[in-house]
Amino acid sequence: MAQDNFSRVAEFILLGFSDTREQQLLFFTLFLLAYTMVLLGNLLIIVTVRTDPKLCSPMYFLLCNLSFIDICYTSVTAPRVLVALLSGHKAIAFGACMVQLFFLHFVGSSEMFLLTVMAFDRYSAICRPLHYTAIMARGVCWALVAACWLGGFIHSIVQTVLMLQLPYCGPSMIHSYFCDMPPIIRLACTNTALTEWLMASNSGLISLGCFLVLVASYALILAKVGAHLSQGHWKALSTCASHVMVVTLFFMPCIFTYLRPAGTSPTNKYVCVIYTTLSPMMNPLIYTLRSSEVKESMWKLWKRCRA
């Protein structure tokens, strides 16, 4: 292997949001509140679904897995950000940076695939109600979740290999608060046009492809509901409305970030906050507020804990 293929940079500097101490403390407080809400909200959903036998349908099984993924996804970036904001230490070792990038794409792409599976679950429940129990049997649900994790792993391996084969000679300043492909590619001391297009065709097309599948599934659901208006269909459609909110919060910033060559314009770090922190924080609120069954189960759990 040629010498130029090895990294000459021992560490990167994550510039974060601000250099002033007052603003760093402000961002620390905001991130700490958001991360706490992500942990508590999603853990509450997991405990509620796991302890209530009534919440045994495929929709709640997938929701429980989504909450677990959201905890993992935010934990990839939030603890490192909180430590950097509090201590002021912005350096991250090259190896640690690549590990963070791997798990970011591993868990993030797994969530994309899982949201697509959840849309398929709602389509099956509304458009194929007589065959729903067979289509979304427990074994099928486990297989679909496993496929989501496997797909995320394969995607992340490809992205990480693309980053590792680039030479980094300096500078080492990353204009973001976590390690990701777009800002890191700009630090490579070689022509990265091919790598940028591979990134866009991998992360970008996965984001766009999953989003289009979701849009198509909801279009079919709307067509079904429009043809057969009933109380049961409207209840299912209400559940889909909360799913659409999650999809919009998560997919649109990802498409904006990854479906373009990295060198076209700097990555907006505030856009990254939407899909790395805001979306996982909103998931518990959206699903619990739109689901009377989950709210009832949470209330029962609260009364058992107080007894």
Pairing a residue in segment 1-22 that is within 24 Å of Leu162 (Cα to Cα) with any residue that is surrounded by fewer than 10 Cβ atoms within 10 Å (Cβ to Cβ) and modelled with pLDDT under 80, where Cβ atoms lie under 9 Å and the two sit 6 or more apart in sequence or on different chains, gives Arg8/Gly170; Val9/Gly170
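Give the residues of segment 152-175 that are hydroxyl-bearing (Ser, Thr, Tyr) and assigned to a loop (DSSP other than H, G, I, E, B), sorted by residue number.
Within segment 152-175, Tyr168, Ser172 qualify.
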Matching residues in segment 45-71 (part of a helix (DSSP H, G or I) and touching a Leu at 6+ places or on another chain (Cβ under 8 Å)) number 11
Within segment 81-111, of all residues that are out of contact with any strand residue (DSSP E or B) (no Cβ under 9 Å at 6 or more places or on another chain) and aromatic (Phe, Trp, Tyr), the one most open to solvent (accessible area, probe 1.4 Å) is Phe103
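Taking segment 112-143, which residues are of a type in the set (D, E, K, R) and open to solvent by 10 Å² or more (accessible area, probe 1.4 Å)? Lay out the reasoning, then the answer.
Looking only at segment 112-143, we keep the residues that are of a type in the set (D, E, K, R), and these are 121-122, 128, 138.
Within segment 112-143, Arg122, Arg128, Arg138 qualify.
The values are calculated or read from the model by the stated rules, or taken from the named source; none is laboratory data. From a predicted model like this one, the values you see are computed outputs, not experimental measurements. All Cβ positions, even for glycine, are placed from backbone atoms using ideal geometry, and neighbour counts span all protein chains on display. All accessible areas refer to the heavy atoms of the entire protein, side chains included, with ligands and DNA or RNA removed. Shrake-Rupley method; radii C 1.70, N 1.55, O 1.52, S 1.80 Å.
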